[in-house]
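Trainee: Encoded as structure tokens, here's the structure I'll be asking about.
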Amino acid sequence: MKLRKNAIKPLRFDPYALIGPERPIHPNEWSEVLERLVQVRDDMLQAGSWGTQGLEGSTSPVSSSNVAFVSWPDRILHAYANDRRGSELGRLFRCATHLHSVVDRVVVVAVEGSLAGARSILESCCQPFWNELSRADRGSKPRIIFEDSSWDNDAVQGLLHLLDAHKNRPPTCELDRWALVVIGSNEATMHTSVTLQRLLDAFEQSTITNEQHRHQLLVPVVRQGVTIPSRMLTCGQAGRLSDETFEVPSDISGGFSLFTAAGLVPASLLGVNVIELLQGAAAMTKHFAETEAQSNIILQFSAVHHLLRTKRHVHHGVMSVWSKALASFGPWYSSLAQQRHGASNSTGIGQWTVMNSRDWDNHLLQKEMATSERVFHHVVPEQVRFDPLHGENGDSLPTAFQNRFQEVITTISRTGSPSTVLSLPCIDELHVGQLFQMMMLATEVEARLAESKP
């Protein structure tokens, strides 16, 4: 098994199969909406005090709460380049390095919102069966468990059993020791979350004989300017907790906080190349800011959604992902779109996700998709991450995959439903960083276009 490594390459999105006099989008409509989108883009960048030098020369803070995420990857990289030890990335890397040596498992619990963003980073950047690998094969990085403070009693009890909470004894070595990352800062929610209360109780019990470990193994990620809840201060020994606390900017929320500590803390604990992830995101923002509309994939993606919704009354979309590594990307994007457009999707197209070709082989689902007026977005990797497997007849799995993909595309085209393809050169940090940032930018641009006057 050999992991492939690639230099950064641009994503590819080609909407022009949908554009034409007899196609879903008329060329005149396309040109008109692209002109409006350029103005939306320029207004968006101006709201963030974006310099004419683009990403490399821009360190200005973003003043609008709706666009603070735009320059965040570049700003956090710039801060790290200027102060590798004192910057947030520097602190984050030191925290991760320490935890690598003392724990074999990390539990990430979210008090507020979904963990889809952090989960999508890790699924796309880590070995597919990460938690099943030996500690040696994981490079001494910990296993990870996501718990979104759900109401599932049996799932929580199963997690507590896995953590040996029922044994009522502290661990004796790093193979049994675990750390707790708590994302969120709502005091009221924390007091009503049975899941979090029980995890904090189990954490206190696991560190009862070692106060030093207690304050080092509890990592809070809280919203900037919000006081750390008393329950966590008590558990983490208030006098020293602040050294291991990370903040999410107050003007970046929900799914848009993917590249803040809410996503980067879990990623760094597993050894994800956070620098390359942010570089990929910064490259996409540079593309957004500097590329003309006819070649700008963010503006094109937004234009497709806007025209199909307003001119063709397409209000539902299918994010068709063609890799298990992107399984959590779809739900993250769906929640992002709902967050920005509202539950009614008054300014956007509602999204749901299918995993192909597995879900397309479900005949009932195929019938439902083929008879509904939807736009299909196929997210497809161009290159496999590992060496291709071959059958006895010499055919490879990647070749079979491409053949099946073409079959599905042909079938969908026969239904008359509009369809696009978003191609990733490879699924790794550089390219999923581009993908996530593209979707955040497109979601914001689409919402601003719908809210503006024609």
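Trainee: Tell me, which residue of segment 144-170 that is of a type in the set (A, V, I, L, M, F, W, C) and modelled with pLDDT under 85 is surrounded by the fewest Cβ atoms within 10 Å (Cβ to Cβ)?
Mentor: It comes out as W151.
Trainee: Still on this model: Looking at segment 308-330, which of its residues are part of a helix (DSSP H, G or I) and surrounded by fewer than 23 Cβ atoms within 10 Å (Cβ to Cβ)?
Mentor: Result: L308, R309, T310, K311, K324, A325, G330.
Trainee: Does L430 meet the test of being part of a helix (DSSP H, G or I), closer than 27 Å to L278 by Cβ and not assigned by TED's automatic domain parsing to the domain that holds F256?
Mentor: yes
Trainee: Taking the condition of being touching a residue at least 12 places away in the same chain (Cβ under 8 Å) and either within 24 Å of H98 (Cβ to Cβ) or in a loop (DSSP other than H, G, I, E, B) (or both), how many residues in segment 152-168 meet it?
Mentor: Here the count works out to 6.
Trainee: Let me ask you something else. Looking only at segment 413-454, which residues are among the small types (G, A, S) and in contact with a Lys or Arg (Cβ under 6 Å, 6 or more places away or on another chain)?
Mentor: Within segment 413-454, S417, S423, A447 qualify.
Trainee: Can you tell me which residues in segment 122-142 are surrounded by fewer than 18 Cβ atoms within 10 Å (Cβ to Cβ), not in a helix (DSSP H, G or I) and not aliphatic (A, V, I, L, M)?
Mentor: Q127, P128, F129, S134, R135, D137, G139, S140, listed by residue number.
Trainee: Right, another one. Examine segment 437-449 for a residue that is part of a strand (DSSP E or B) and either assigned by TED's automatic domain parsing to the domain that holds E35 or of a type outside the set (D, E) (or both), and state whether such a residue exists.
Mentor: No, segment 437-449 contains no residue that is part of a strand (DSSP E or B) and either assigned by TED's automatic domain parsing to the domain that holds E35 or of a type outside the set (D, E) (or both).
Trainee: Can you pull out every residue in segment 99-121 that is within 19 Å of E247 (Cβ to Cβ) and in a helix (DSSP H, G or I)?
Mentor: L99, G117, A118, I121
Trainee: Further, regarding this structure: Of everything in segment 309-338, what is among the β-branched types (V, I, T) and within 16 Å of the chain's Cα centre (by Cα)? Give them in sequence order.
Mentor: Hit for segment 309-338 is V321, nothing else.
Trainee: Next question. Among T399, T411, which is over 27 Å from the mean Cα position of the chain (by Cα), without any contact (Cβ under 8 Å) to a residue 12 or more places away in the chain, more than 13 Å from P10 (Cα to Cα) and not in a loop (DSSP other than H, G, I, E, B)?
Mentor: After ruling out the rest, the residue left standing is T399.
Trainee: Something else: For segment 135-178, give me each residue that is hydroxyl-bearing (S, T, Y) and under 27 Å from the mean Cα position of the chain (by Cα).
Mentor: S140, S149, S150
Condition check ((1) outside the structural domain of C125 (by TED's automatic domain parsing); (2) over 30 Å from Q224 (Cα atoms); (3) modelled with pLDDT of 90 or more) across all residues:
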site: G271; (1), (2), (3): no, no, yes
site: H305; (1), (2), (3): yes, yes, yes
site: S334; (1), (2), (3): yes, no, no
site: R340; (1), (2), (3): yes, no, no
site: I349; (1), (2), (3): yes, yes, no
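Trainee: Continuing with the same structure: May I ask you to list the residues in segment 132-169 that are farther than 15 Å from V106 by Cβ and of a type in the set (A, V, I, L, M, F, W, C)?
Mentor: Once the filter is applied, which keeps residues that are farther than 15 Å from V106 by Cβ and of a type in the set (A, V, I, L, M, F, W, C), segment 132-169 yields A136, W151, A155, V156, L160, A165.
Trainee: Do any residues in segment 300-317 that are more than 20 Å from R12 (Cβ to Cβ) have Cβ atoms under 7 Å from those of residues that are basic (K, R), where the two are at least six apart or on different chains, and which pairs are they?
Mentor: V314/R374; H315/R309; H316/R374
Trainee: Now for a separate question. Are any of the residues in segment 388-411 touching a strand residue (DSSP E or B) at 6+ places or on another chain (Cβ under 7 Å), loosely packed, with under 13 Cβ neighbours inside 10 Å and closer than 23 Å to G330 by Cα?
Mentor: no
The values are calculated or read from the model by the stated rules, or taken from the named source; none is laboratory data. The shown structure was predicted, so the numbers you read here are calculated from the model rather than taken from an experiment. Every residue, glycine as well, gets a Cβ built from its backbone with ideal geometry; the counts of neighbours run over all protein chains shown.
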